[in-house]
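Working notes, structure below.
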Amino acid sequence: RPRVLSGIQPTADSFHLGNYLGAVRQWVPLQDTHEAFYFLANLHAMTAEYDPEVLLRRTRVSAAQILASGIDPDRCTLFVQSQVFEHAELQWVLSCLTGYGEASRMTQFKDKSAKQGAAAASVGLFTYPILQAADILLYTPQVGEKDFQVPVGEDQRQHLELTRTLAGRFNHRFGPTFVEPNAHILKSVAKITDLQEPERKMSKSASSPQGIINVLDEPGPLRKKIMRAVTDTGTEIKYDPEAKPGVSNLLTVLSALNGTPIPDLEAHFAGAGYGQLKKELAEVALETFGPIRERTLELMNDPAELDRILAKGADRAAEVAAATMAVVRERAGLLRRR
Ligand code: TYM
């Protein structure tokens, strides 16, 4: 079976709707068609100032949410990035192949460092995309295999491009080792936007609490946030991201959650007001996230069991990572220990 891999940062107590639709939900069916590797990118979550206890808690609650969303540790490999040491090691090898200027062009770094003030940004934030390249390439299929997908949202496209570049560069310098991965971006849900600022993407770090729908939101606040979502002037419920970014985002989300194509939704809401759209969306969101929330809370009641599941995943991931790294060390001229 072809390989697929993706990761998510445990940087909040809950995933938001963008993470869910753009990534996690797509991971679920891929478990059956692919050999899937999914992980919590806790090393990436260290790139901005953080509290160790909070990181630990978020690592577990993120894992619980992934499991509650339908990821099955018996059908895929689910693990925590830091438990597979080769991620950090391959990152070093790849960072020696990355140009300083090349890394400086990563737009996510430019945005985030501009916000913190360039001098305050950590070197880890700067090398973040190289660690991401290592995350992916450790799980490379055999050279010659074509299908190597990484399901992500639109904001990760540039990091995937860098990963392809670094894979090609390593292969060229040291011999064919890595398959270049393809970003698997589902256009319809590639960029879910903020409820309060519908021109901007919904973001753990940049959105206001009112702008974000969290998977673990309680029903009351969740409904309230949807009902207060910014809509547009006019009254017509029509998909037009340029003229009606707010309404279009709500339609996108409703369509993704209930499976009704957007034109059918437009017909369904003909003559209805924005309030009706929001009400139906709130219902579907509650139906979708209610069970995930309950299951997450259940899983959090037994952290030892959660840790066991993750350790098992890490063992399996480490086998693959160790095999890749053995080849990388040899090709890169690193002396063997034994
Ligand atoms: P992270 O944790 O920021 O986001 C996790 C996933 O959610 C997607 N996403 C969105 N999709 C649609 N609309 C949105 N508003 C939205 N916001 C976030 C992201 O595109 C992502 O797929 N660097 C990665 C984590 C990572 C990774 C990897 C991913 C580390 N190593 C290797 C793939 C492969 C990140 O910050 O994701």
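For a straight C-alpha distance cut-off of 12 angstrom, the aspartates and glutamates reachable from Lys238 (same-chain residues fewer than eight places away being disregarded) are Asp264, Glu266.
Separation of region 140-216 and region 95-129, taken as the distance between their Cα centroids, equals 17 angstrom.
Using the Cβ atoms and a cut-off under 11 Å, what net charge is assigned to the surroundings of Asn171, where Lys and Arg are +1 and Asp and Glu are -1? Please list the in-between numbers first.
Numbers: positive: Arg164, Arg169, Arg173, Arg331; negative: Glu180.
Net local charge, Asn171 excluded: +3.
Mind checking which lysines have their C-alpha under 17 Å from Lys244, skipping anything on the same chain fewer than 8 residues away? Candidates past the 8-residue exclusion: Lys191, Lys201, Lys278.
Using only side-chain charges placed at the Cβ, +1 for Lys and Arg and -1 for Asp and Glu, the dipole size of region 105-165 relative to its Cα centre rounds to 280 debye.
Computed from point charges on the beta carbon alone (+1 for Lys and Arg, -1 for Asp and Glu), the dipole magnitude for region 210-338 about its Cα centre is near 800 Debye. Size of the chain: Rg and Dmax of its alpha carbons, in Å, are 20.8, 74.
For region 74-217, the equivalent ellipsoid built from the Cα gyration tensor has semi-axes of 28, 20, 15 Å, listed from largest to smallest.
Explain nothing, just the number: dipole magnitude of the chain about its Cα centre with +1 on each Lys and Arg Cβ and -1 on each Asp and Glu Cβ, in debye rounded to the nearest 20.
Numbers: 39 positive and 41 negative charges, 170 e Å.
Result for the chain is approximately 820 debye, rounded to the nearest 20.
Compared with the dominant principal axis of the Cα atoms in the chain, helix 245-258 is inclined by about 80°. Could you tell me which residue out of Gly220, Thr77, Met202 lies farthest along the dipole of the chain toward its positive end? Charges go on the beta carbon: Lys and Arg +1, Asp and Glu -1, centred on the Cα centre. The residue sitting most towards the positive pole is Thr77. With only Cα atoms counted, region 204-274 has Rg and Dmax values of 12.8, 37 Å. The residues of the chain expose on average 48 square angstrom of accessible surface per residue, using a 1.4 Å probe on protein heavy atoms. Rolling a 1.4 angstrom probe over region 1-131 with all protein chains present gives an accessible area of which 56% lies on carbon and sulfur atoms. Partners of Lys225 within straight-line reach, counting aspartates and glutamates whose Cα lies under 15 Å from its Cα and excluding those fewer than 8 residues away in the same chain: Asp194, Glu197, Asp217, Glu280, Glu283. When the pairs Lys110/Lys187; Lys115/Lys312; Lys110/Lys224; Lys115/Lys279; Lys146/Lys312 are compared against a 30 Å limit on Cα-Cα distance, Lys115/Lys312; Lys110/Lys224; Lys115/Lys279 fall above it. A simple count of charges around Asp217, restricted to other residues whose Cβ falls under 12 Å of its Cβ and scoring Lys, Arg +1 and Asp, Glu -1, yields +2.
Rounded to the nearest 5, what % of the DSSP beta bridges within the chain are antiparallel ones? Given both bridge residues lie in the chain, the antiparallel proportion sits at roughly 15 percent. Listed values for region 48-57 are Karplus-derived 3J(HN,Hα) couplings in whole Hz (6.51 cos²θ - 1.76 cosθ + 1.60, θ = phi - 60°), namely 10, 3, 8, 9, x, 5, 5, 4, 4, 4, and x replaces Gly and Pro. For Asp240, the residues whose amide H sits under 5 Å from its own are Ser248, ignoring neighbours fewer than 5 places away on the same chain, with H placed 1.01 Å from N.
The values are calculated or read from the model by the stated rules, or taken from the named source; none is laboratory data. Everything numeric here is computed off the predicted structure, so don't read it as measured data. Heads up, the Cβs are rebuilt from the backbone with ideal geometry, glycines too, and the neighbour counts pull from every protein chain shown. The area values use the complete protein model at the heavy-atom level, side chains included, leaving out ligands, DNA and RNA. Shrake-Rupley method; radii C 1.70, N 1.55, O 1.52, S 1.80 Å.
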